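Novice: Input: one structure, supplied below.
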Amino acid sequence: MAGLAAGIRLAMYDRKVLIIERHNAPGGLNSFYSLEGRKYDVGLHAVTNFVPPTRKGTPLAKLCRQLRIPRESLELREQIGSRIAFPEHNLRFTNDFSVLEAEVAAAFPQEIDRFRALRQAVLDHNEFDYTAPAGSARDMLARHGLSPLLTDMLMCPLCYYGSARQNDMDWDQFVIMWKALFEEGFARPYEGVRVIIRALLQRFREVGGQRKMKCGVRWLHSDGQRVTGVELDDGSVYTADLVISTAGLVETQRLCSDMPPEAGRDNVGALSFCETITVLDCQPRELGWDETIVFFNDSERFHYEAAVDDVDLRSGVICLPSNYRYDAGQELPEGLFRVTALANFQRWAGLDEGDYRARKQYWYAQLQRSALRFMPELPAGTSLPAHTKAVDMFTPRTVKKFTGHLGGAIYGAPQKQKDGRTHLDNLVIAGTDQGFLGIVGAMLSGISMANLHGLK
């Protein structure tokens, strides 16, 4: 989506733009696929940064204005309500910040003033200062006097939705995610991520952009100062005044002809995920499940780190796509129950096909059991399998295949390149490894890098 947004922005100002994509579907990390007649979203749990149309000066308003895409075309519907679930406390939140504030005041009354001071520090911080050095979010929360438990509860959703660093976040990225989740909020297009992709593609065509699908980049030829040629998988070579890569920082470095094969090895992301998708024969609310997203942790401390086993069952995310505020008569045709958890890329990558399928079947069942601990009990006499129509699961191996990210790292490299610059004058990084997060963040990254490096 960063690449599509950058392409639109440049083509709007009469730049000749070509988007090159290795796969047969656009969207990158946030795409969709069809299986047995159903369409499944890959990355989309929620579009963050949701605000009402009347609220101006926000990331969502900015991207619609910069790309000249009507907000209505995104068909966004806001969440019902979400929850952070830990052994000692639950913190509920909606798209109204006062709900979270009241929850913190009730669960941590001795810390509410410190929580409010932290919030003010977040609101005062300029997270878009490309020159600011990286800092630790955990250090900042400790400086504000928050307890380890409240710190972990606040970190849990923000890490799961955007951190490439183990057990921490860069302070800038913490601010971005706090605003995206807590100050603004969650929404979802009725038909899922393809609504957003469709709007971007239509706009890209309108401004004269071109795309080349099913043909990835093999090499970025360089004279040591500039990219002199972009060689594709089919052997063809293109030249350009500006090359914007959304392949990832380390992945892009390794495409450059003047870089060693192991370039960036100390900056390869260590965090990957598994996700299960269960199709239900009823709506989740019929089972007593009326929340949109649940972030859960079963331990005394929240461990956000590379999994030792195939999957780390101690924490995760439950998403119920049916539980958004859809218009009357617009309910999703089938209920969905999605569970995400940290996983170990190396343990999944080396399996033969038979073992891979068996492991998926085993860990699918384990993830359901883990997640159900944090959901209201099912009605007497029923069970999740009794309401299951179909299942699917993706693993770190799937992430590597469809994103190209080394190690299946969902959020890419731990050290981001905030201004997008690389060692080559006309090669720029956008997307995950530039540092803006989420679907709205990805598009803003493409816009910002196009503005900074292509239109100034």
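Novice: Which ones in segment 78-109 are of a type in the set (Lys, Arg) and surrounded by fewer than 18 Cβ atoms within 10 Å (Cβ to Cβ)?
Specialist: Initially, segment 78-109 is screened for residues of a type in the set (Lys, Arg), giving 83, 92.
Within segment 78-109, 92 is the sole residue that qualifies.
Novice: Being small (Gly, Ala, Ser) and in contact (Cβ under 8 Å) with a residue 60 or more places away in the chain is the filter; apply it to segment 241-282 and report the residue that is nearest to residue 421 (Cα to Cα).
Specialist: Step one: list which residues in segment 241-282 are small (Gly, Ala, Ser), which gives 245, 247-248, 257, 263-264, 269-270, 272.
Those still in the list that are in contact (Cβ under 8 Å) with a residue 60 or more places away in the chain too: 245, 247-248, 264, 269-270, 272.
Values: 245: 11, 247: 14, 248: 13, 264: 15, 269: 19, 270: 23, 272: 26 Å.
Among them, the one singled out is 245.
Novice: Identify, by number, the condition in (1) within 20 Å of the chain's Cα centre (by Cα); (2) under 22 Å from residue 35 (Cβ atoms) that residue 357 doesn't meet.
Specialist: (1)
Novice: Can you report the number of residues in segment 254-293 which are crowded, with 19+ Cβ neighbours inside 10 Å, over 26 Å from residue 402 (Cβ atoms), touching a strand residue (DSSP E or B) at 6+ places or on another chain (Cβ under 7 Å) and among the hydrophobic types (A, V, I, L, M, F, W, C)?
Specialist: 0
Novice: What are the residues in segment 186-216 that are under 20 Å from residue 51 (Cβ atoms) and either touching a His at 6+ places or on another chain (Cβ under 8 Å) or outside any helix (DSSP H, G or I) (or both), if any?
Specialist: 186, 187, 188, 189, 190
Novice: On to the next question. Which of the helices (runs of 4 or more DSSP H) found entirely inside segment 124-182 contain at least 2 residues meeting this: in contact (Cβ under 8 Å) with a residue 60 or more places away in the chain? Give the steps one after another, and end with the answer.
Specialist: Values: elements: 137-143, 148-160, 171-178.
Counting at least 2 such residues, we get 148-160, 171-178.
Novice: Has segment 315-333 got any residue that is assigned by TED's automatic domain parsing to the domain that holds residue 386, in contact with an Asp or Glu (Cβ under 9 Å, 6 or more places away or on another chain), of a type in the set (Asp, Glu) and over 30 Å from residue 455 (Cβ atoms)?
Specialist: no
Novice: Next up: When you go through (1) over 29 Å from residue 332 (Cβ atoms); (2) modelled with pLDDT of 95 or more; (3) surrounded by fewer than 16 Cβ atoms within 10 Å (Cβ to Cβ); (4) out of contact with any Leu (no Cβ under 6 Å at 6 or more places or on another chain) one by one for residue 232, which number turns out not to apply?
Specialist: The failed condition is (3).
Conditions (1) aliphatic (A, V, I, L, M); (2) under 19 Å from residue 394 (Cα atoms); (3) in the same structural domain as residue 224 (by TED's automatic domain parsing); (4) in a strand (DSSP E or B), marked per residue:
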residue: 262; (1), (2), (3), (4): no, no, yes, no
residue: 286; (1), (2), (3), (4): no, no, no, no
residue: 296; (1), (2), (3), (4): no, no, no, yes
residue: 300; (1), (2), (3), (4): no, no, no, no
residue: 351; (1), (2), (3), (4): yes, yes, no, no
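Novice: When you look at residue 372, is it within 18 Å of residue 43 (Cβ to Cβ), modelled with pLDDT of 95 or more and out of contact with any Gly (no Cβ under 6 Å at 6 or more places or on another chain), yes or no?
Specialist: Details: within 18 Å of residue 43 (Cβ to Cβ): no; modelled with pLDDT of 95 or more: yes; out of contact with any Gly (no Cβ under 6 Å at 6 or more places or on another chain): yes.
No; evaluated as a whole, the condition is false for this residue.
The values are calculated or read from the model by the stated rules, or taken from the named source; none is laboratory data. Here the structure is a predicted model, which is why all the values come from computation and not from measurement. Note: ideal-geometry Cβ built from the backbone for every residue, glycine included; neighbour counts use all protein chains shown.
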